[in-house]
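Quick note: the coordinates plus some simple rules give every number you see, no bench work behind them. Just so it is clear, the model here is predicted, and its values are computed rather than measured. Here Cβ is always computed from backbone atoms with ideal geometry, including for glycine, and neighbour counts include all displayed protein chains.
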Amino acid sequence: MKLALVGIGKIAVDQHVPAISSSPDWELAATVSRHGGVDGVEGFTDLKTMLDERPDIRVVSLCLPPVPRFDYAMTALGAGRHVMLEKPPGATLAECHALEAEARASGLTIYATWHSRHADMVAAAKAWLSDKQLKSLQVTWKEDVRRWHPGQAWIWEPGGLGVFDPGINALSIVTEILPDPIHVTEADLEIPSNCQTPIAARVTFHHPSGARISAVFDWRQEGHQTWDIIAETDAGTLKLSEGGARMEVDGTASGEAAPLSGEYPRLYDRLAALVKQGDIEMDLRPMTLVTDALALGRRISTDPFHE
Ligand code: NAP
């Protein structure tokens, strides 16, 4: 199937282009970018022109930051194309609901991707937790913003999510592996005095059986990067580390990796299935947790951020 990639920035180049190139299902038939492109692929600077001139391309994958994404997604759906959304699926929940309603009304696929859910050991962790009694779960997601988001001003602007841009990846795993629903009860947000979004956050959650659930997100960690989820249960302690790539139970490596290799090849495999079946996948739980943390969070002003 032919696909167009829109927004040729960091994640498009690092992950989408290689995953599409190695996929048996997809052909990268066009790009839409205001100043970039992919060698050997027809490039457009404007989405509407691409949709008009390439009716053979039925699927559009959007790799833009969250704020401009809604208009692009609506334009693609309006032109009868199936749409894949990078995470987070929009700048607000209302936008996401509107996109889903439009796709449903038009009989089109819309796919809100959560790439971290496709890390090697997430499915194994979900299976292991499915019959355990949860006592506590702690997320520790600490990384260096200068290393992972060089020159990206949008992450500090309204709608950019700040440290929740990576934090939502952790929450996408948590909502996938826990059998029970959780919701935010409290949050502290540390916001640099020259920015609109948090550089660090602590969040606590309600769990229906009273398990203690909390998360710490911090973008100021240099050196070793930490992407850990530790779940204490009645039958042992599960540790998912390296962003879901490694799983241990009581200190011993455990579980089998998911089929295929890599988060983005798995996303494009899933997209192929959704388009073939005419299905929609729009799980907004990670985004609900983040928007609730931003709604409930106590704002703490901290040192200005300079790249
Ligand atoms: P990025 O490199 O800063 O931006 C991606 C592209 O979006 C830009 O190159 C630009 O494309 C387009 N764009 C930016 N602002 C725009 C605007 N106002 N209007 C229209 N187009 C605009 O960002 P990224 O890191 O690739 O992230 C994009 C999305 O992927 C985000 O939602 C992010 O959360 C997600 N993501 C990022 C990573 C990562 O490691 N960076 C990992 C997983 C997911 P053109 O110049 O081509 O027009």
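Things worth noting here:
- Restricting Asp52, Asp56 to residues that are without any contact (Cβ under 8 Å) to a residue 60 or more places away in the chain, outside any helix (DSSP H, G or I) and over 17 Å from Glu102 (Cβ atoms) narrows the list to Asp56.
- For Thr109, the test of being surrounded by fewer than 19 Cβ atoms within 10 Å (Cβ to Cβ) and of a type in the set (Val, Ile, Thr) is failed.
- Tabulated pairs, segment 1-30, first in a helix (DSSP H, G or I), second more than 13 Å from the ligand (Cβ to nearest atom), C-beta under 7 angstrom, 6+ apart or interchain: Val17/Leu28; Ala19/Pro265; Ala19/Tyr268; Ile20/Leu3; Ile20/Trp26; Ile20/Leu28; Ile20/Tyr268; Ser21/Leu28
- The residue that is nearest to the ligand (Cβ to nearest atom), counting only those in segment 122-172 that are of a type in the set (S, T, N, Q) and closer than 23 Å to Phe305 by Cα, is Gln152.
- Of all the listed residues (Val13, Val32), the sole one being surrounded by fewer than 17 Cβ atoms within 10 Å (Cβ to Cβ), hydrophobic (A, V, I, L, M, F, W, C), within 11 Å of the ligand (Cβ to nearest atom) and on the phi < 0 side of the Ramachandran plot is Val13.
- Test: residue in segment 81-101 that is within 21 Å of Thr288 (Cα to Cα) and over 18 Å from the mean Cα position of the chain (by Cα): yes
- Annotation note: of Gly43, Gly37, Gly7, the sole residue that is within 9 Å of the ligand (Cβ to nearest atom), surrounded by 14 or more Cβ atoms within 10 Å (Cβ to Cβ) and more than 21 Å from the chain's Cα centre (by Cα) is Gly37.
- Some residue of segment 69-77 being under 24 Å from Pro265 (Cβ atoms), within 23 Å of the chain's Cα centre (by Cα) and more than 8 Å from the ligand (Cβ to nearest atom): yes
- Condition met for Leu85 (surrounded by 15 or more Cβ atoms within 10 Å (Cβ to Cβ) and more than 14 Å from the ligand (Cβ to nearest atom)): no
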